[in-house]
Amino acid sequence: MPAIAPPCALVIFGASGDLAQRKLIPAIYEMAREKLLSENTYILGFARSPMTDEQYRKESEEAVIKYARTKPVDPALLRKLIDRMHYFQGADYGSVEAHQKLSEKLTELDAKYGNPGKNRLFYLSTPPNTFEPIITRLGERAVDPTFNPEARFKRLIIEKPFGYDLSSARELNKLIHKYFDETQVFRIDHYLGKETVQNLMVMRFANAIFEPIWNYKYIDHVQITVSETLGVGSRGGYYDKSGALRDMVQNHIFQLMALVAMEPPAALDAVSIRDEKTKVYKSIRPIRPEQVDHSTVRGQYGPGEHAKQTTLGYLKEKDVPAESRTETFAALKLYIDNWRWSGMPFYLRTGKFLEQKVSEVAVRFRSPPLTLFQKQCETPVYPNDLVIRIQPEEGISWRLNGKVPGGAMNIKPVELDFLYKTAFNVEPPEAYERLIYDAMAGDQTLFIRGDEAEAAWAVIDPIEQGWKESTRPPDLYTPGSWGPKRSIDLIEHDGRRWLHNAEGEAEPIVACSL
């Protein structure tokens with residue numbers, strides 16, 4: 001059982017926003033329910049919306065009741081938590097006056113709740129354009145000659161995106177490091193808090209069956225899919241500034257790829273694990289601008305209806321420019337040029353308005369020698385797949401070939417499934433529960449280091465440049481499909497096939513004659 005997190009003041013910038021209400025406050029309640037939250041910890045919400053403490057508490061209470069993982073909610077526990085929540089209105093996140101008053105408010109609450117170390121955990125749940133003023137104001141106040149790192153901490157949690165490209169990521173890191181040491185910074189990608197993602201390392205390095213064959217000699221390729229069934233909706237103006245490559249590939253998908261591809265770390269500590277992940281990004285073969293049409297696909301959804309949502313197409317969405325070339329779908333073929341993965345492709349794809357909502361890694365192993373079955377079977381034996389599913393149901397599936405009962409030698413892929421909710425009879429905790437706890441405890445293992453973010457952007461920038469220079473517009477695809485046809489061609493021209501594709505994922509039975 002983990003220890004109770006050290007007491008602190010958790011200051012949430014953007015406290016009235018959707019992320020805070022849907023994810024952060026319910027996660028803090030679950031921490032309290034698991035007895036991981038110190039009774040001396042309190043929450044101070046900072047936002048620009050006018051609101052009283054009571055109004056903020058009422059909103060937070062409703063958020064916990066609606067979004068908490070564990071139902072029913074314990075009313076006594078919830079009341080105890082809500083009573084430790086306060087609200088602070090600031091007209092501007094970068095206002096010197098507002099931060100001065102914030103500091104005074106924190107001093108007052110420290111005395112009330114018994115936070116003698118004056119520990120601070122600042123959570124930036126705000127748009128990226130507010131990062132600079134907030135970090136600057138916090139940094140100026142954090143430069144304190146009486147600051148004793150052994151007695152108290154000041155830590156910073158930053159939500160993605162960590163920059164818009166390599167240049168802006170470097171500028172953001174430069175600003176952060178002007179005021180904060182890297183050990184104080186927690187760049188959060190909630191995918192890293194999911195149980196299945198964490199289980200990747202356990203599966204790879206704690207099971208003798210996998211580690212000897214986890215390389216290009218036995219694995220044919222790896223495919224990673226992160227798909228959504230809905231479009232951009234009312235967020236068109238925001239989304240158009242990023243696109244699928246920046247919004248999903250640079251962070252979520254690259255994090256999954258790094259955990260699949262990295263070498264065994266020297267130890268299970270933050271430095272060792274993040275060192276190995278960074279090496280993966282630095283080993284990726286660059287896709288030069290002139291290669292983008294061969295190794296990448298970008299698409300935009302057209303008109304259609306799917307998942308009870310109708311659209312006239314991405315270019316007709318609210319606040320999206322009519323001439324926009326921003327992609328709502330992206331697919332890449334990458335190579336990691338190191339000893340383990342030499343010449344073996346990684347296929348990545350993500351998009352909106354696709355057929356299913358799924359996040360998964362499929363590791364496809366090379367087919368065994370077919371001599372034994374070629375005499376009797378017209379269709380080759382299917383390769384084995386190891387499917388690590390992050391959502392909708394976290395778990396791992398091992399797809400093997402088995403004989404269908406009966407007199408004929410019929411072969412069909414079968415699945416050995418491990419699901420968290422059935423294996424352990426509990427729902428896995430939400431990612432934010434683990435990540436907020438780790439930030440309070442000072443464990444950076446599941447957070448992204450500054451140089452790691454820069455290394456990932458170094459892979460993305462040439463692709464973005466190539467798309468900008470290309471005369472080829474994004475390929476249109478129909479809502480409810482698996483993306484543009486060229487994304488299917490990207491893998492099928494190599495003699496391979498997506499696990500999820502236009503024909504579905506069901507494999508036909510192989511009929512053999514005895």
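The values are calculated or read from the model by the stated rules, or taken from the named source; none is laboratory data. All of these numbers come straight from a predicted model, not from anything done at the bench. FYI the Cβ positions are ideal-geometry reconstructions off the backbone, even for glycines, and counts take in every protein chain you see.
Values for this structure:
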| item | result |
| --- | --- |
| Hey, ILE135 among the β-branched types (Val, Ile, Thr), within 16 Å of LEU102 (Cβ to Cβ) and either modelled with pLDDT under 95 or under 25 Å from the mean Cα position of the chain (by Cα) (or both) or not | yes |
| Any pair with Cβ under 6 angstrom, 6 or more apart, that starts in region 401-426 at a residue that is among the β-branched types (Val, Ile, Thr) and ends at one that is modelled with pLDDT under 80 and part of a loop (DSSP other than H, G, I, E, B) | VAL404/ASN410 |
| Filter result (part of a loop (DSSP other than H, G, I, E, B), without any contact (Cβ under 8 Å) to a residue 60 or more places away in the chain and surrounded by 13 or more Cβ atoms within 10 Å (Cβ to Cβ)) within region 81-96 | ARG84, GLY90, ASP92, GLY94, SER95 |
| Residue match in region 395-405 (condition: part of a loop (DSSP other than H, G, I, E, B) and at pLDDT below 90) | yes |
| Of all residues making up region 451-479, the number that are closer than 18 Å to SER242 by Cβ and not hydrophobic (A, V, I, L, M, F, W, C) | 8 |
| Any hit, region 33-54, residues being touching a residue at least 12 places away in the same chain (Cβ under 8 Å), of a type in the set (A, V, I, L, M, F, W, C), in contact with a Lys or Arg (Cβ under 8 Å, 6 or more places away or on another chain) and not in a strand (DSSP E or B) | no |
| Selection from region 219-242 of residues that are aromatic (Phe, Trp, Tyr) and surrounded by 14 or more Cβ atoms within 10 Å (Cβ to Cβ) | TYR239 |
| Selection from region 146-205 of residues that are at pLDDT below 90, among the small types (Gly, Ala, Ser) and within 24 Å of the chain's Cα centre (by Cα) | GLY193 |
| Candidate set: region 406-450, residues that are part of a helix (DSSP H, G or I) and β-branched (Val, Ile, Thr); chosen: the one nearest to the chain's Cα centre (by Cα) | ILE436 |
| Near pairs, Cβ below 7 angstrom, 6+ apart or cross-chain, from region 485-498 (free of Cβ contacts under 8 Å to residues at least 40 places away in the same chain and in the same structural domain as ARG366 (by TED's automatic domain parsing)) to any residue that is hydrophobic (A, V, I, L, M, F, W, C) and surrounded by fewer than 13 Cβ atoms within 10 Å (Cβ to Cβ) | ILE488/ALA502 |
| In region 57-80, the residues that are outside any loop (DSSP other than H, G, I, E, B) and either in contact (Cβ under 8 Å) with a residue 60 or more places away in the chain or under 28 Å from the mean Cα position of the chain (by Cα) (or both) | GLU59, SER60, GLU61, GLU62, ALA63, VAL64, ILE65, LYS66, TYR67 |
| Check on LYS308, at pLDDT below 95 and either under 26 Å from the mean Cα position of the chain (by Cα) or buried (at least 23 other Cβ atoms within 10 Å of the Cβ) (or both) | yes |
| Lone qualifier among ASP74, ASP18, ASP92 - being of a type in the set (Asp, Glu) and at pLDDT 95 or above | ASP74 |
| Members of region 167-212 that are closer than 26 Å to VAL358 by Cβ and among the basic types (Lys, Arg) | ARG187, LYS194, ARG204 |
| Scan of region 451-476 for residues that are outside any helix (DSSP H, G or I) and in contact with a helix residue (DSSP H, G or I) (Cβ under 8 Å, 6 or more places away or on another chain), ordered by number | SER470, ARG472, ASP475 |
| Region 214-230: number of residues that are touching a helix residue (DSSP H, G or I) at 6+ places or on another chain (Cβ under 7 Å) and within 21 Å of TYR191 (Cα to Cα) | 3 |
